[in-house]
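Colleague: I have a structure I would like to understand better, so I am pasting it below and will then ask my questions one at a time.
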């Protein structure tokens with residue numbers, strides 16, 4: 001009987017990582033949409049310093065992959081890696097960057113990684129976001145659409161969208177955002193790569209949503225936001241449906257979207273317009289005990 005030993009390979013460049021990892025990641029395109037989108041972005045604009053890229057092979061087949069674009073971001077794990085592969089990535093990444101900020105992965109895999117990282121590093125961890133990944137391949141228009149219409153965001157919307165982007169990050173992720181930078185990139189981007197749309201009612205901008213992170217067959221819908229005083233009127237559903245249809249009309253086969261598991265309203269409205277649950281995804285951040293005591 002032949003015993004195959006897992007082997008980890010770390011890559012110095014995105015050009016070396018991508019040709020080997022792409023076909024593996026595309027087998028679960030929805031689950032890997034962020035890794036795929038970020039890898040494609042690194043190929044287009046050039047690799048960022050401090051990027052970590054690795055695969056784990058079982059014989060000739062890749063069984064796991066990991067990507068960390070830069071030291072400010074969490075490592076992303078591929079879906080359902082073998083436990084031994086997670087341990088190998090933890091050991092190798094600890095040698096590469098013992099001050100890793102966190103991990104994002106399928107819920108069970110993220111917890112396994114966080115626990116292994118705590119053992120090797122002596123650091124604490126906490127879950128900061130519990131998300132649910134959805135996928136849509138056909139839009140179901142809202143049964144009771146609000147008045148108004150969707151349009152592509154324009155320069156005159158900039159100040160409002162910066163304020164909303166900042167509010168979205170604080171409310172949904174508990175983080176401060178480089179809101180002006182995000183909005184300016186969206187407004188200036190190639191529409192084939194990303195875009196920002198708004199819902200207009202009575203001449204007023206009342207909601208926003210973006211599409212971004214193109215993969216081979218899909219794109220991610222994100223940053224869906226309606227200010228508190230305008231919620232409950234169907235604007236978010238209508239704006240999300242419109243942006244999702246834009247993605248499909250541009251030739252993609254499906255859209256991806258993440259929600260907060262603890263927000264029943266958003267999970268309900270997205271399913272009503274055609275989004276189907278795929279998996280649960282958790283984000284963990286690492287910290288020293290002293291950091292936790294200060295919080």
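Bear in mind that the values in this text are calculations on the coordinates, not laboratory data. All figures in this text were calculated on a predicted structure; none of them were measured in a lab. Every residue, glycine as well, gets a Cβ built from its backbone with ideal geometry; the counts of neighbours run over all protein chains shown.
Colleague: Restricting to Cα pairs below 8 Å that are 6+ residues apart, what does the relative contact order work out to for the chain? Please round to a whole percent.
Modeller: The normalised contact order for the chain reaches 22 percent.
Colleague: Contour minus end-to-end for residue 101 and residue 10, with contour as 0.36 nm per residue of separation and end-to-end as the Cα-Cα distance?
Modeller: Using 0.36 nm per residue and subtracting the Cα-Cα distance, I get 30.8 nm.
Colleague: For 149, 169, 134, what's the fewest-to-most ordering of other Cβ within 10 Å of each Cβ?
Modeller: Lowest to highest Cβ neighbour count: 149, 169, 134.
Colleague: How much of the DSSP bridge set in region 55-154 is antiparallel, in percent, rounded to the nearest 5?
Modeller: 75 percent
Colleague: A follow-up question, please. For a bin width of 5 Å, list the pair-distance distribution of region 80-161 built from all Cα-Cα distances, rounded to whole %.
Modeller: All Cα pairs considered, the percentages come to 3, 10, 17, 13, 10, 8, 8, 9, 11, 9, 3, 0.
Colleague: Now for a different question. Restricting to bridges with both residues inside region 170-295, how much of the DSSP beta-bridge set is antiparallel, in percent to the nearest 5?
Modeller: If I count the DSSP bridges inside region 170-295, around 75 percent turn out antiparallel.
Colleague: Let me ask something additional. Looking only at Cα atoms, what is the convex hull volume of region 1-120 per residue, in Å³?
Modeller: That works out to 105 Å³ per residue.
Colleague: Here is a further query. What is the helix-to-structure angle for 33-45, meaning the angle in degrees between its Cα long axis and the longest Cα principal axis of the chain, kept from 0 to 90 and rounded to the nearest 10?
Modeller: Relative to the chain, helix 33-45 is tipped by roughly 90 degrees.
Colleague: Assuming R0 = 30 Å, can you tell me the calculated FRET efficiency for the pair residue 204 and residue 276, based on Cβ-Cβ distance, to the nearest 0.05?
Modeller: It comes out at approximately 0.40.
Colleague: Note the full-extension length gain between residue 140 and residue 28 as 0.36 nm times their separation in residues minus their Cα-Cα distance, in nm to one decimal.
Modeller: Working it through step by step, the gained length comes to 37.9 nm.
Colleague: Can you give me the convex hull volume of the Cα atoms of the chain, divided per residue and expressed in Å³?
Modeller: Taking the convex hull of the Cα positions in the chain, it is 141 Å³ per residue.
Colleague: What do you get for the angle between helix 235-249 and the principal long axis of the chain? Use alpha-carbon atoms, 0 to 90 degrees, nearest ten.
Modeller: Helix 235-249 and the main axis of the chain meet at about 70 degrees.
Colleague: Rg to Rh for region 223-274: what is it, with Cα atoms only and Rh by Kirkwood?
Modeller: For region 223-274, the value is 0.98.
Colleague: Here's another thing I want to ask about it. How many percent of Cα pairs in region 177-218 exceed 14 Å?
Modeller: 56 percent
Colleague: For region 29-79, with equal point scatterers placed on the C-alpha atoms only and solvent neglected, what are the log10 I(q)/I(0) values from the Debye formula at q = 0.21 1/Å, to two decimals?
Modeller: Log10 of I(q)/I(0), two decimals: -0.78.
Colleague: What FRET efficiency would be calculated for the residue pair residue 58, residue 217, taking the C-beta separation as r and a Förster radius of 30 Å, to the nearest 0.05?
Modeller: 0.70
Colleague: Over the C-alpha atoms of region 76-116, what are the Rg and the largest Cα-to-Cα span, Dmax, in Å?
Modeller: Looking at region 76-116, its Cα Rg and Dmax stand at 9.4, 24 Å.
Colleague: Per the Kirkwood treatment, what hydrodynamic radius in Å, one decimal, follows for region 139-273 from the mean inverse distance over all distinct Cα pairs?
Modeller: When all Cα pairs of region 139-273 are included, the Kirkwood radius is 14.9 Å.
Colleague: Put a dot 7 Å past each Cα toward the Cβ at residue 233 and residue 119; how far apart are the dots in nm?
Modeller: Each label point is offset 7 Å from its Cα along the Cβ direction, giving 5.4 nm.
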